[in-house]
Each structure stands twice: as C-alpha cells, then as structure tokens.
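> Structure incoming, see below.
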Amino acid sequence: MIRSLTELQKGATFYVITLGLAVLVALFGPTGTDAIQILNMLTVTAGVLLMLLVITPDGYHRAGWAQLGLQRAGWRYWPLALLAPTAVLVVSYGAATLLGVVSWRFEPDTLINLAINIVIISFFAFFEEIGWRGYMLPKLETGYPRLAPALVGFLHGVWHLPLMLLTTAYNPAGDRLIVVPLFLAVLTVAGILYGYLRNASGSLWPVVIAHGTFNAVLGVLAGAAVATNPTTAAYITGETGVFTLLALIIVAWVLTRRSAVRREDDLVRQSKP
C-alpha cells in the first residue's frame, strides 16, 4: 500500500485505473449492449475499491469511507435532483418538437414505467457516482475547488469514449466528430449540476438520484420520440443534443450563482463579532 499519495494523486490514480478498465471492457467485454454497459459501470466501483483497499489504506479507516458521502441522505435536495434533469430534457425535447425534428408516441403506462425506471436506473447510477462524485470530486476539490465539478464531469465523459468509439453499444447515431464533442460538453456542464448537489447536500444520494433521473427520463423520451431523421435528432436533443447542452448551461449558471451567494453570506456571518 502507498501511504504518501496526496489527495490529487489519489484522484488521478483512481482515474487512470478506471479509464484503463473501461478500455479493457470495450475491447474484450460481452457483445450485448446492456451487459457491456453494466460491466462498464462496475469499472468505476472497482476503481474505488482498489484505491480504498489495495493501493491506499484509506478503506481501513472510517474517515476513508465517510468521504464518499454515503452517511447522509441529503433529503432536502432530492426534489431538485428529480426536477432539474427532468426539466432539462423536457426543454430539450420540447425544442426538438417545435422544430419538427421529433413527434411522439407515448404508451398509456409511460408515467408508471418512468417511476420504476428512475428507481432501477438510480441503483445502477450508484456504481458510477460512488467513483465520480463520491471518491474523485472531493480529491480534486482539494486543489481546484471551483474547477473540480466541471473537470470531473469532463473526465466522466471521457470515460465513456471507449464504448462510444470502439463499440456500437453507446450513442451510436451521428458523426463521431460532432457527437463526441457535444457529448463531452453535456457531461462537463452536467458535472456542475452534480457537483452542486454533492457539495450543497454533503451527500452522494442526491447525485445518484439526479443521474438516475436523467438517464430514466432520457430513456422514456427517446423511446417515445419518433425522429424524422435520427442523426439530426442526435445533434439536436438527447444526451448529445445542442438543446440539452443549452438547458444544462442555464441550470448550471443558476446553481453557480446560488453557490456564490451562499459563500458571500457565509463570509458575512463569519466576519460578524
């Protein structure tokens, strides 16, 4: 075990391990889309466990696990975790609808399926978020407190690229030269939303719910949408869409301003005798 790593070095080591595992999954993983995506999620959890129990001794102390943010529920931020990703995708697909890019064919049990999917997909999102916003974000914030949420979001996006570039299991529609930059931009800005939830609540659970809600709502809307041109739809909406990016930028700006106001209020209170 290595006891001399700084927090930034731990974060970097975790990322190198996790990205390396993701490449191996993309090259040698199962051919089924669902199977390879689930296995890819588990590379993040594996990276955390290796860091806590093998590479460093952090997992043998309570403080090492406490940093992951699992001990608090963060109930106050659950409504935001549910509403913000939903609003982003509704705005994005709504814009695509107004432009005539998509039309709709909803099933009668769509809302029930959405509720069930949020629970199920949030369960799987945990295996990613325990690494990105549980382990890595606090490590990077020791050196880059304001940049870290967006940086983790970008690195989270890069971790998806082996699946996107080496397989057809993830976001296969569209020209890679267009889709990949849009996807990285969406994940980078989403990282600001996830980072806000993590830091404001002191808990990982609102982030897990937000991530699970985004993926669940995306799945339901993408499944109900009938695109006149799937490639155009991929550029306009969904996880690689311009309108999704714009909606996320607005949400991220509002939350960043809210954080700035909170910091100013804290400084004022601390300065009072």
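The values are calculated or read from the model by the stated rules, or taken from the named source; none is laboratory data. Computed from a prediction, not measured in an experiment: that's the story for all the values here. Backbone-built Cβ (ideal geometry, glycine too); neighbour counts: all protein chains shown.
> Might you check whether a residue that is over 12 Å from the mean Cα position of the chain (by Cα), buried (at least 22 other Cβ atoms within 10 Å of the Cβ), closer than 29 Å to L27 by Cβ and not hydrophobic (A, V, I, L, M, F, W, C) occurs anywhere in the range 156-178?
Yes.
> Please identify the pairs in which a residue from the range 1-26 that is on the phi < 0 side of the Ramachandran plot has its Cβ atom under 9 Å from the Cβ atom of a residue that is surrounded by fewer than 22 Cβ atoms within 10 Å (Cβ to Cβ) and of a type in the set (D, E), counting only partners at least 6 apart or on another chain.
E7/E141; K10/D58
> G74 - would you say it is touching a helix residue (DSSP H, G or I) at 6+ places or on another chain (Cβ under 8 Å), under 22 Å from W159 (Cβ atoms) and touching a residue at least 60 places away in the same chain (Cβ under 8 Å)? Steps first, please.
Values: touching a helix residue (DSSP H, G or I) at 6+ places or on another chain (Cβ under 8 Å): yes; under 22 Å from W159 (Cβ atoms): no; touching a residue at least 60 places away in the same chain (Cβ under 8 Å): yes.
No: the conditions fail for G74.
> When you go through G64, G32, G47 one by one, which is the residue that is closer than 24 Å to F123 by Cα and either free of Cβ contacts under 8 Å to residues at least 12 places away in the same chain or exposed (fewer than 13 other Cβ atoms within 10 Å of the Cβ) (or both)? Don't jump to the end; show me each part of the working.
Numbers: G64 fails: either free of Cβ contacts under 8 Å to residues at least 12 places away in the same chain or exposed (fewer than 13 other Cβ atoms within 10 Å of the Cβ) (or both); G47 fails: either free of Cβ contacts under 8 Å to residues at least 12 places away in the same chain or exposed (fewer than 13 other Cβ atoms within 10 Å of the Cβ) (or both).
Just a single option satisfies the conditions, and that option is G32.
> Quick one: which helices (runs of 4 or more DSSP H) sit completely within the range 1-69 and have at least 3 residues that are at pLDDT 95 or above and of a type outside the set (A, V, I, L, M, F, W, C)?
Hits in the range 1-69: 7-28, 33-50.
> Can you tell me which residues in the range 95-108 are surrounded by fewer than 14 Cβ atoms within 10 Å (Cβ to Cβ) and within 21 Å of F214 (Cβ to Cβ)?
Across the range 95-108, the qualifying residues are W104, F106, E107.
> So G153 clears everything in (1) free of Cβ contacts under 8 Å to residues at least 60 places away in the same chain; (2) surrounded by fewer than 19 Cβ atoms within 10 Å (Cβ to Cβ); (3) within 12 Å of the chain's Cα centre (by Cα) except one condition, right? Which one?
With (1) free of Cβ contacts under 8 Å to residues at least 60 places away in the same chain; (2) surrounded by fewer than 19 Cβ atoms within 10 Å (Cβ to Cβ); (3) within 12 Å of the chain's Cα centre (by Cα) applied to G153, the lone miss is (2).
> Tell me, please, whether a residue that is among the aliphatic types (A, V, I, L, M) and within 23 Å of W78 (Cβ to Cβ) can be found in the range 152-161.
Yes: the range 152-161 contains one or more residues that are among the aliphatic types (A, V, I, L, M) and within 23 Å of W78 (Cβ to Cβ).
> Give the residue that is farthest from I38 (Cα to Cα), with candidates limited to residues of the range 137-196 that are among the basic types (K, R) and part of a helix (DSSP H, G or I).
K139
> Could you please find all residues in the range 127-145 being crowded, with 21+ Cβ neighbours inside 10 Å and under 21 Å from L49 (Cβ atoms)?
Hits for the range 127-145 are E128, E129, I130, G131, W132, R133, G134, Y135, M136, L137, K139, L140.
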